[in-house]
Amino acid sequence: MKIIGVDIEAGSSPLSSRLPLYAIVVLNDKGEIEYKQEGINIGKLLRLVWEIRPSKIALDNIYELAPNERKLIKIISMLPDNVELVQVTYIEGEFKDLREILRSLGIEVQGKLNPIKTAYYNALLAFKNVGTAISLRESKTKIIVSRGRAIGPGGMSSNRYKRNLRGLVLRATKKIKEELNKHGFDYDYVVKRSKMGIERAVFIVYAPRESLYGIVKKMRGHDLKVEIKPIYKNKIEFKDSKRLLKPVIVGVDPGIEVGISIIDIYSNPIYLDSKRNIDREEIIEIIKKYGKPVLIATDVNPASDTVKKISAQLRCRLFIPQNSLSIDEKTELVSRFSENHGIKINDPHVRDSLAAALKAYHEVSQKLRQAEGILRRMDLDIEEHEILECIIKGSTINECIENEIEKEIGKSDEEIKIVQDKNSNQTVPDTYAKAEELMEYKKEIERLKRKIRELVLQNTILQHKLDEIRVEFNAEVERDRKIYELKLEIQNMQKVIENLNLAIVNKQKIIENMTEIIDKVIKSEYIVLKKDNFPIYMRLLNKKIFLFDEQISDDMIKYVGDDYIIIPESLLKDLNILYRERLSQESSKIDLKKLIDNYRKSRLK
């Protein structure tokens, strides 16, 4: 994954009326400088970000990009979906000096830092996972389905075209609903209707943009447009450093060369690589560096001892497929993933480990999306990742949400107890007030538990309805597929019939031609001439006739066999006459040179 370090140039300011200029440095996945440039404006910077597609953009001050929060949010919204904006000088809730951070990592900086050096150090710190990313996106995504262009006035054909466009919008809306239902997403949607049908549909999906990759795709066609936009907050926030260790799913392919693939709970790539001759402790160290593992996956059944020990040592669930994954299944999983994320997987060890991680992800993804939808609707201030981690470990959605709520309430109880200890001389009314507050909390827990049970029950009922609809839909699809196959078979048969009819016509022509030849031979108009009886001027070679060493057209000879030909008698007579005339012309030529030589010899005597 590439990282872009950015620093504003001396004399530039986002507050100025002139566009500020920046220096940038691009590091590759080994931390080496791949590209650097000075004097670029914000427009070119954004274009380069879209071309390079880095995982992070690193600055020492994010407000170097824009003069205020509103404009900064606008710039961040123009970045690709998977790019993080990182401020390397904000660590664990504190702002620190860049030189101080570098010194703590053993990097001594001499002299004044120029913009290009600062950009490099920003990128280097982000490469080492130093700093804090900006949290700007909500865990919600907007999908907009609309016409590709506006419709103007027109006649009857125009009305037909309008109906066609609205039909496209309707079909696209139904398709998106089917995919969201199929994968267990929670969503709301509204449609704008007219007399002719659906004009526009807007979905609000209660899940991050990343979770929709490969499920709903953007489209910008001539007649139809599907837009997918993450929903942004209206305020800049730094991600809590305690939440940096997010739950991850890890695929391991053990051996002399170990493949390690780490993805997050939305199937986004975090680490994809293979290492040669590394032990189990080194594998675990790599995994811990990139997140909190909640699922270790293998592509074979039974799992190897190495994978079992890694899972046990990390104290997380081990995923073993029901049957070992075939080459075709692994290729399909990885190909779809590569297409969605725009990356190439050539290493077979990475492919196997990634296929294992993706297979494990698909086993739990529907449950995770359902839980996210319930949490969005409940709008509780509880730790979402803890709940998702709990679900991955095998507990039900209901149990995980209730446990997390109880943890949060437990924290509140502890806070109350601490306050009571510090204020032991509080009055009796204060104690009663605290007790009443505690009772209110407990009532709230019970209310939320009931709400969870209602939502889970509602979800189960809807799931059953969805299964019934899916069965009916599959039957209809199967019928349509059978009709399509029969139509295809009819088309193939028609092509075969056409080819056979053409062959019959060609054979008929051959028969008519041979009948005519036989008739002419019987009437002595054609002569059968064997190779042994050919005139001196005629040769037969590879079913080709040569006269006077020149090939003649096949049309002149009616039929050519292996050692004979059928030729019109009149043509043979003409050829004989032609041959005699040629001999006569050759004999009439006088050799003048020879005549002169003979004359000279006679004079010398």
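Can you put Ile490, Ile518, Ile40 in order of Cβ neighbours within 10 angstrom, beginning with the fewest?
Arranged by neighbour count, lowest to highest, Ile490, Ile518, Ile40 become Ile490, Ile518, Ile40.
Per the Debye formula with a single identical scatterer at each Cα and no solvent contribution, what log10 I(q)/I(0) holds for segment 522-566 at q = 0.18, 0.31 Å⁻¹?
Debye output, listed in q order: -0.49, -1.32.
Give me the distance in nm between label points sitting 7 Å out from Cα along the Cα-to-Cβ direction at Arg220 and Leu105, one decimal.
Here the answer is 3.6 nm between the modelled labels.
Rank these for me by crowding, Asp352, Asp555, going from fewest to most other beta carbons within 10 Å.
Arranged by neighbour count, lowest to highest, Asp352, Asp555 become Asp555, Asp352.
For the pair Leu79 and Arg193, what calculated FRET efficiency results from E = 1/(1 + (r/R0)^6), where r is the Cβ-Cβ distance and R0 = 30 Å, to the nearest 0.05?
0.30
Roughly speaking, what is the stretch gain from Glu440 to Ser17, that is 0.36 nm per residue apart minus the C-alpha to C-alpha distance, in nm to one decimal?
Length gained, Glu440 through Ser17: 146.7 nm.
What ³J(HN,Hα) values, in whole Hz, does the Karplus curve 6.51 cos²θ - 1.76 cosθ + 1.60 give for segment 286-292 when θ = phi - 60°, with x put for Gly and Pro?
After applying 6.51 cos²θ - 1.76 cosθ + 1.60, I find 4, 4, 5, 5, 9, x, 9 Hz.
By how many nm would the segment from Glu282 to Glu386 lengthen if fully extended, with 0.36 nm per residue of separation less the alpha-carbon distance?
Net length gain for the segment: 34.8 nm.
For helix 348-378, what angle does its Cα long axis make with the longest principal axis of the chain, in degrees from 0 to 90 and rounded to 10?
So the helix axis and the longest Cα principal axis differ by about 50 degrees.
Under unit Cβ charges (Lys, Arg +1; Asp, Glu -1), what dipole magnitude, rounded to 20 debye, does segment 245-376 have relative to its Cα centre?
560 debye
Please find the FRET efficiency linking Thr515 to Leu583, where r is the Cβ-Cβ separation and R0 is fixed at 41 Å, and quote it to the nearest 0.05.
Efficiency, from the Cβ-Cβ distance: 0.60.
Can you list, by residue number, the Cys in the chain that have no neighbouring cysteine C-beta under 4.7 Å?
Cys316
Label Glu32 and Val300 with points 7 Å out from Cα along Cα→Cβ: what is the distance between them in nm?
Each label point lies 7 Å from its Cα, and together they span 3.3 nm.
So what is Rg over Rh here for segment 206-338, counting just Cα atoms and using Kirkwood for Rh?
Rg divided by Rh gives 1.05.
Report the Rg/Rh value for segment 1-72, based on alpha-carbon coordinates and the Kirkwood definition of Rh.
0.97
If you wrap a convex hull around the C-alpha atoms of the chain and split its volume per residue, what is the figure in Å³?
Given the Cα convex hull of the chain, per-residue volume reads 468 Å³.
Which percent of Cα pairs goes in each bin when the distances of segment 252-405 are cut into 10 angstrom slices starting at zero?
Pair shares across the bins are 10, 40, 34, 14, 2.
Along Cα→Cβ, 7 Å out, is where each label goes; now give me the distance between the ones at Gln494 and Asp347 in nm to one decimal.
For the pair Gln494/Asp347, the computed spacing is 5.4 nm.
Given N residues in segment 3-130, what is Rg(Cα) / (2.2 N^0.38 Å)?
Expressed relative to 2.2 N^0.38 Å, the Cα Rg reads 0.99.
Just from its helices, what would the mean residue ellipticity at 222 nm be for the chain, if runs of 4 or more DSSP H residues each count -39500 (n - 2.57) and the sum is divided by every residue, rounded to the nearest 500 deg cm²/dmol?
Counting only the DSSP helices, I get -17000 deg cm²/dmol.
Every read-out reported here was derived from the displayed coordinates using simple, explicitly stated rules and does not represent laboratory data. Bear in mind the structure is a predicted one, so any value in this text is a computation, not a measurement. Cβ sites come from the backbone with ideal geometry, for glycine too, and all protein chains shown count toward neighbours.
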